[in-house]
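Below: one structure, written as structure tokens.
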Amino acid sequence: MSASNRRLLPLAVFALALALRLALIALQYTDDLANFQTGDYTLYRIGGEHICAEGDTSNSLFLARPPLFPLLVCALGVDDRAVLVANAITGALLAPLTIILARQLRLGPRSTVAAGLIVALDPASIAYSAFLGAEPLANVTLLAMAVALLHATRAAEGWRAPAWGAAAGLALVLSVLSRPAPYLIWTGLSVWLVLAYRRWAVVAAYALVSVAGIGAWIAHNASQFDNPTVSSVGAYNMVYYRAASVENWATDDDMSTIYANLARRIEERLGHDTARVDSNTRHTHYAGPAALTNAMMAIAIETFTDHPAEYVMTIPIGLGRMYGYTNVLPGWLTAFEIPWNALLLIGTASGLWLALRRREWLLFWVVLLVIGYFTVGTIAVQTSGLDTRMRTMLAPFMAVAAVYALDRWLARRRARAGA
């Protein structure tokens, strides 16, 4: 592949990815933009309005929803259509960045382009780019973290190596300030980099910037809301999604009863009067001080301990939702999307297995650590209310593993044909 083609192909893949995302917007467009959100955008929009009006993040909604996406909403003049188009552009960047990731993981020229094409064509990635949510911004900055960290570890020399490590830490902080889920991923990646490469300066710069940036937001929440956490949404989801699902399986009570019972137990633990608690009380638990977060976590763990069998039984359901289908796509796409997701998952598992057998440790550990972190973290917090939105950040890593498996399979076929 010539140098000019090497530069132009990522642009072509980006153009394809953007065209598909804009096409979905055109296909589903209505003036109220109802097809492009599931309710979360209301809080992000309020956050954007607050930043524009007050210039700060003192609204309690920022305890649940970090500020970077609301800041983007504010920068775009709280114009929902502009936000939607900006998300489509940002989400499309995931495809050419996947090509760079694949190159760093030593895939061949054609395979790197194939990985980028998978992300460009991935229904979940398309749906949640053409969407009013924080996913495009969070996912692109997360992938930028991985690209910068790999460059720091394997290519950069001298002072540039820790500088790229610091850039990776900054990208992670931006991802966390978009969606809080990856706030601990730096720990596992840092341990792996130390054990595998001994790049102490790189890891130190990466970890220091990550801890400083994420810690600054935790300190903000402690000061503003008396809750030293990245986000309160994890505890809320754990009790009102994960524990509520376990309780539903264990008791077969209707969800209103379950929500009311969980809310009552939380209020009792806080020492509050429970006379007026009902299923809607849960909405008051979305953001609050550390005592509330601790109470929700305690009640969730009590529920899991009381019903261990149901806890285990809900795990495959959550995995099926996370990797199986997309709620916001048109129904007629289901016949295509579910086989696509199944093939992508099979390809990912096959690629990991082959990388393990062939001792392709770089690809194996990068893909395994990222996918493992988000899969375990998601299922620990939530199994109901999931769909492929929760794996869109994994699409580049899944694509790389699947293409690696396909490349190995084609190589074996060529070897047999030539024998």
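Any idea what angle helix 109-121 forms with the longest principal axis of the chain, computed on alpha-carbon atoms, 0 to 90 degrees, nearest 10? Approximately 30 degrees, to the nearest 10. Of the chymotrypsin sites (Phe, Trp or Tyr not before Pro) found in region 20-91, those that fall in a DSSP loop while having at most 15 other beta-carbon atoms within 10 Å are 29.
Taking Cα atoms of region 302-419, Rg/Rh with Kirkwood Rh, to two decimals?
1.07
Note on region 218-258: the alpha carbon radius of gyration divided by the globular reference 2.2 N^0.38 Å gives 1.60.
Ranking of 6, 265 by solvent-accessible surface, largest first: 6, 265 (1.4 Å probe, protein heavy atoms only, all chains present).
Peptides 253-259, 401-407 ranked from most to least packed give 401-407, 253-259, packing being the mean of other C-beta atoms within 10 angstrom over each peptide's residues.
Evaluate 2.2 N^0.38 Å with N set to the residue count of region 220-293, then give the Cα radius of gyration divided by it. Show your work: numbers first, answer last.
Details: Rg = 12.9 Å, N = 74, 2.2 N^0.38 = 11.3 Å.
Normalised by 2.2 N^0.38 Å, the Cα Rg of region 220-293 equals 1.14.
Helix 308-324 sits at what angle to the longest principal axis of the chain, using alpha carbons and giving 0 to 90 degrees rounded to 10? Helix 308-324 and the main axis of the chain meet at about 50 degrees.
Region 224-295 and region 85-146 have Cα centres lying 35 Å from one another.
Determine the calculated [θ] at 222 nm for the chain from helices alone, applying -39500 (n - 2.57) to every DSSP H run no shorter than 4 residues and normalising by the residue count; nearest 500 deg cm²/dmol.
Working: 20 runs with 301 residues, N = 419.
Per the formula, -23500 deg cm²/dmol.
The radius of gyration of the Cα set in region 1-62, together with its Dmax, comes out at 18.9, 53 angstrom. What do you get for the angle between helix 41-54 and the principal long axis of the chain? Use alpha-carbon atoms, 0 to 90 degrees, nearest ten. The two axes meet at around 80 degrees. With the alpha-carbon atoms of region 233-368 aligned to their principal axes, the span from lowest to highest coordinate is 61, 38, 28 Å, starting with the largest.
With only the Cα atoms considered, region 65-180 has a convex hull volume of 95 Å³ per residue.
Along each principal axis, taking the top coordinate minus the bottom one, the Cα set of the chain gives 78, 49, 46 Å in descending order.
For a quick check of your reading of the filter: which chymotrypsin sites (Phe, Trp or Tyr not before Pro) in region 111-206 sit in a DSSP loop and have no more than 16 other Cβ atoms within 10 Å? Don't jump to the answer; show the numbers that get you there.
Values: sites: 128, 131, 159, 164, 183, 186, 192, 197, 200, 206; in loops: 128, 131, 159.
Sites meeting the loop and neighbour criteria: 159.
The values are calculated or read from the model by the stated rules, or taken from the named source; none is laboratory data. Computed from a prediction, not measured in an experiment: that's the story for all the values here. Glycine gets a Cβ as well: all are built from the backbone with ideal geometry, and neighbour counts include every protein chain shown. Side chains are part of the model used for accessible areas, which takes the heavy atoms of the whole protein and leaves out ligands, DNA and RNA. Shrake-Rupley method; radii C 1.70, N 1.55, O 1.52, S 1.80 Å.
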